[in-house]
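Notes follow once the structure below has been shown.
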Amino acid sequence: MRYSGFRVIKEALSGHKGWTPAWRDPEPAEHYDIVIIGGGGHGLATAHYLAKEFGQSRIAVIEKGWIGGGNVGRNTTIVRSNYLLDGNEPFYEMSLKLWEGLEQDLNYNAMVSQRGILNLIHSDGQRDAFTRRGNAMILNGADADMLSTADIKKRYPFLNTDDARFPIKGGLAQHRGGTVRHDAVAWGYARSADSRGVDIIQNCEVTGFRIENGVCKGVETSRGFIGAGKVGCAVAGNSSRLMSKANMRLPIESHVLQAFVSEGLKPVLPGVITFGAGHFYCSQSDKGGLVFGGDIDGYNSYAQRGNLPVVEDVCEGAMAIFPMLGRARLLRMWGGIMDMSMDGSPIIDKTHIDGLFFNGGWCYGGFKATPASGMSFAHLLAKGEPHPNATAYRFDRFEKGLMIDEKGMGNQPNLH
Amino acid sequence: MIIDHPLLGPRDSAEFTYMGDARLIDRPNPNDTDAAATFFDYAYLRDNPAGWHRELWFHEAGDRSWLVVTRNTLTHEISKVELARDVARAQGRSK
Ligand SMILES: Cc1cc2nc3c(=O)[nH]c(=O)nc-3n(C[C@H](O)[C@H](O)[C@H](O)COP(=O)(O)OP(=O)(O)OC[C@H]3O[C@@H](n4cnc5c(N)ncnc54)[C@H](O)[C@@H]3O)c2cc1C
């Protein structure tokens, strides 16, 4: 069924009786050409691009819970391509371009909103760093704009540009960045993949791999064995847990990241703002809630909930830059499990086991990567070689000293 | 989270800096012939278990001792806290 404005009006006039489920609920088949583990954004996007761009068929996405129940439905929805390093920036810029055409590609309203992202600058050193970053972005075909304090005052009159504790000295803006409705991304990819024959199998946990003579033959699941020509793993925070079933140890630690949303307010915040003197970022959802977050909690966790010290730290950042937030009531807070890699960058690669492929290590920035990750993982699965924009995301980069460490923190996952 | 420090009693975890898997105590010998491989493993690969995990916490805003905390990553429950010095010595790491 094609979605359109006309369709909405037609259904409204006929009592909304004509809508059909957006995807099927199939029984697993005995064998697929390609099995993707994980029905998050990355797994579903991979299935969509495999079917649509790479002409693959007989594909299944296997999800232990319901699609969109993981990080794709828990993040703060920010998309941007403001990276510095060569291994990253072309990949994230490809992602931003795919976001720009996503709704037409999927025939689904994912509320892609290029409302712009502004990274505030509070010191001369930070201005130098952001100028360098902006130049790297422009060299890679992305947009970047250095704003003066006067420009910022015009856009965001409520920011204190006169005598704040951390004075605002300017900002790096990416006007094409913004937000996307996160669950709609999962649903849109799922619907499109399903319409191209992909089986989306929910409530089915992968419990192991069947590996014979170094070749992966399929997966053991809570609903029995499912054979596969190729298996692609895209389970984000659960990466180490899943890959340990194939006796692999990963350069990844799982950490909890919290996020917060206030009660619905009238429009006050047109774009996304990040505070440069602490870790705090904020945007306003279309429903009016101020959506904000900050640092990860900093210790290994699979609990999907965090602790108070980080809540306090985030609120201190909020009060330093948006004192008005102190008057708003908090509606909800939650946590998600991040696959924090040793250099803060992801992995999209083959494993040493034939037919077993891995996608993970997204840290707290994998939502914006969803389309490019799906495209690159599909490319790798279909053609056996990496997408030209994802050649740096290899397993062996740690061994070879080819880390992609945006922050220059070294092998300390909780600092990325 | 409250960490029951063996010398100081219960302390807020916010006083500590988390330093990762306690297996980092087992630093490989740089003079071994396979040191490149063992150091790659040591520096970059982690078990990252869902469940009980022994990990290093540094009492940075306290007495600056290093602790080995046994904590459940699924519930954040802490079952055991030891001085890292004692753990390392028991493993023969130093005199
Ligand atoms: C609070 C928070 C804020 C964030 N903010 C941003 C942001 O503003 N911008 C940004 O770019 N990124 C952000 N992120 C990061 C981003 O959400 C993730 O990096 C990204 O969603 C991970 O990819 P995914 O969507 O495929 O993961 P998920 O949605 O977690 O998908 C993985 C799926 O695998 C399933 N699974 C796990 N194990 C198994 C198994 N054994 N068998 C079958 N299925 C299994 C899980 O149930 C899950 O549904 C944020 C994350 C959090 C938690």
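The values are calculated or read from the model by the stated rules, or taken from the named source; none is laboratory data. What you see is a predicted model; the values in this text were computed from it and never measured. Cβ coordinates were reconstructed from backbone atoms using ideal geometry, including for glycine residues, and neighbour counts include every protein chain displayed. These accessible areas exclude ligands, DNA and RNA; they are computed on the full protein's heavy atoms, side chains included. Shrake-Rupley method; radii C 1.70, N 1.55, O 1.52, S 1.80 Å.
With a 1.4 Å probe and all protein chains kept in place, how do B:Ile78, A:Ile273 rank by accessible area, largest first? Numbers along the way, then the final one.
Numbers: B:Ile78 45, A:Ile273 5 Å².
Solvent-accessible surface, decreasing: B:Ile78, A:Ile273.
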Got a number for the accessible area of B:Arg54? Probe 1.4 Å, square angstrom, nearest 10. 100
Evaluate peptide A:300-306: per residue, the Cβ atoms of other protein chains within 10 Å of its Cβ; return the mean as an integer. 6
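Compute, for the protein assembly as shown, the length of the dipole vector about the Cα centre, with Cβ point charges of +1 (Lys, Arg) and -1 (Asp, Glu) only. Units Debye, rounded to 20. Don't skip to the end; give the middle numbers.
Details: 56 positive and 58 negative charges, 210 e Å.
Charge dipole, the protein assembly as shown, about its Cα centre: 1000 debye, nearest 20.
Excluding A:Arg127 itself, calculate the net charge of residues whose Cβ lies under 13 Å from the Cβ of A:Arg127, where each Lys or Arg counts +1 and each Asp or Glu counts -1.
On the way: positive: A:Arg132, A:Arg133, A:Lys169; negative: A:Asp124, A:Asp128.
For residues surrounding A:Arg127, the net value is +1.
For chain A, what does the helix formula give at 222 nm: sum of -39500 (n - 2.57) over DSSP H segments with n ≥ 4, over the residue count, nearest 500 deg cm²/dmol?
Values: 10 runs with 113 residues, N = 416.
Using -39500 (n - 2.57) per qualifying helix, the result is -8500 deg cm²/dmol.
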Can you give me the relative contact order of region B:2-90 as a percent, contacts being Cα pairs under 8 Å and 6 or more apart? 28
Quick check for you: with a 1.4 Å probe and neighbouring chains kept, what is the accessible area per residue of chain A, in Å²? 42
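Using a ≥ b ≥ c from the Cα gyration tensor of the protein assembly as shown (square roots of the eigenvalues), is it rounded, prolate or oblate, where a/c under 1.5 gives rounded and otherwise the larger of a/b and b/c decides, a/b for prolate? The partial results should precede the final answer.
On the way: a/c = 1.60, a/b = 1.07, b/c = 1.49.
Judged from the Cα gyration tensor, the protein assembly as shown comes out oblate (a/c at least 1.5, b/c at or above a/b).
Would you tell me the mean number of C-beta atoms belonging to other protein chains that fall within 10 Å of each C-beta in B:11-21, as a whole number?
That average works out to 4.
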Residues other than A:Leu380 with Cβ under 10 Å of its Cβ, Lys/Arg counted +1 and Asp/Glu -1, net out at +1
XL table A:Lys153/A:Lys407; A:Lys52/A:Lys368; A:Lys217/A:Lys245; A:Lys350/A:Lys407; A:Lys64/A:Lys245; Cα-Cα > 19 Å flagged, in table order, is A:Lys153/A:Lys407; A:Lys52/A:Lys368; A:Lys350/A:Lys407
From a point 7 Å beyond the Cα of A:Leu139 in the direction of its Cβ, which residues of region A:394-415 have a backbone N at a distance under 19 Å? A:402-408
Would you mind pulling out the separation of the Cα centroids of region B:1-52 and region A:10-79, in Å? 39
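As a test of reading the structure, rank A:Tyr189, A:Tyr83 by solvent-accessible area (1.4 Å probe, protein chains only), most first. Could you put the intermediate results ahead of the total?
Numbers: A:Tyr189 0, A:Tyr83 30 Å².
Most to least solvent-accessible, the answer reads A:Tyr83, A:Tyr189.
Rounded, prolate or oblate for region B:2-90? Axes are the square roots of the Cα gyration tensor eigenvalues, ordered a ≥ b ≥ c, and the cut-off for rounded is a/c under 1.5. Mind showing how you got there, number by number?
On the way: a/c = 2.45, a/b = 1.66, b/c = 1.48.
Prolate, because a/c is 1.5 or more and a/b exceeds b/c.
Please compute, for peptide B:46-57, the average count of beta-carbon atoms on other protein chains lying within 10 Å of each residue's beta-carbon.
Numbers: counts 12, 6, 19, 6, 11, 2, 0, 5, 0, 2, 0, 1.
Per residue, the number of nearby Cβ atoms from other chains is 5 on average.
Any idea what the dipole of region B:2-90 comes to, in debye rounded to 20, about its Cα centre with Lys/Arg Cβ at +1 and Asp/Glu Cβ at -1?
Details: 10 positive and 15 negative charges, 21 e Å.
For region B:2-90, the charge dipole is close to 100 debye.
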Within 10 Å, count the other beta carbons around each residue, average over each peptide in A:41-51, A:191-201, A:250-260, and list them highest first. A:41-51, A:250-260, A:191-201
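Rank these by accessible area, largest first, 1.4 Å probe: A:Trp362, B:Trp66, A:Trp187.
Values: A:Trp362 20, B:Trp66 105, A:Trp187 80 Å².
Sorted by accessible area, descending: B:Trp66, A:Trp187, A:Trp362.
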